[in-house]
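> Just passing along the structure, written as structure tokens.
Just so you know, all these numbers are worked out from the coordinates, no wet-lab data involved. On a predicted model such as this, the values are computed, not experimentally measured, just so you know. Reconstructed Cβ throughout: ideal geometry from the backbone, glycine too, with neighbour counts over all protein chains shown.
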């Protein structure tokens, strides 16, 4: 089973991004989307604090993944993708992740 996880600070960042998109496009309402995101994401407490990325703002994603025992970070951010793997967490582009998941599901039958 796949469970997207984030910390409170990452969740807040996602909400800020949605607000910016909403203002530009008038397509999304944060009021409508925030509860949906809260249902989708498991919000965890960050227990791991280390520096890995050349962009310090990206460390929160790595630390969240390690704190939660996640296997993957799915990202389009080159500062994360260049790392490829940190501890037991693989950092992959969405396309690669989908190919891995689909392949795995097909193998399981």
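> Could you grab the relative contact order for the chain? Cα pairs under 8 Å, six or more apart, rounded to a whole percent.
Reported relative contact order: 21 percent.
> Give me the percent of Cα-Cα pairs in region 5-95 that sit more than 18 Å apart, rounded to a whole number.
The answer is 49 percent, as a whole percent.
> Sticking with this structure for a sec: Return, ordered by residue number, the residues of region 1-19 whose backbone nitrogen is under 18 Å from a label point located 7 Å along Cα→Cβ of residue 34.
Residues passing the 18 Å test: 6-19.
> Right, another one. Quick one: Cα centre-to-centre distance for region 77-92 and region 60-74, in angstrom?
Centre-to-centre distance over Cα atoms comes out at 10 Å.
> How far apart, in nm, are the 7 Å Cα→Cβ label points at residue 105 and residue 71?
Distance between the two pseudo-spin positions: 1.4 nm.
> Then there's this: Could you give the length gained on full extension between residue 14 and residue 94, defined as 0.36 nm per residue of separation minus the Cα-Cα distance, in nm?
Fully extending the segment from residue 14 to residue 94 adds 27.1 nm.
> Given N residues in region 14-65, what is its alpha carbon radius of gyration divided by 2.2 N^0.38 Å?
Scaled against compact globular proteins, the figure is 1.43.
> Run the simple label-point estimate for residue 54 and residue 82 please: 7 Å along Cα→C-beta, distance reported in nm.
Calculated label separation equals 0.2 nm.
> Please report, in cubic angstrom per residue, the volume enclosed by the convex hull of the alpha-carbon atoms of region 65-109.
72
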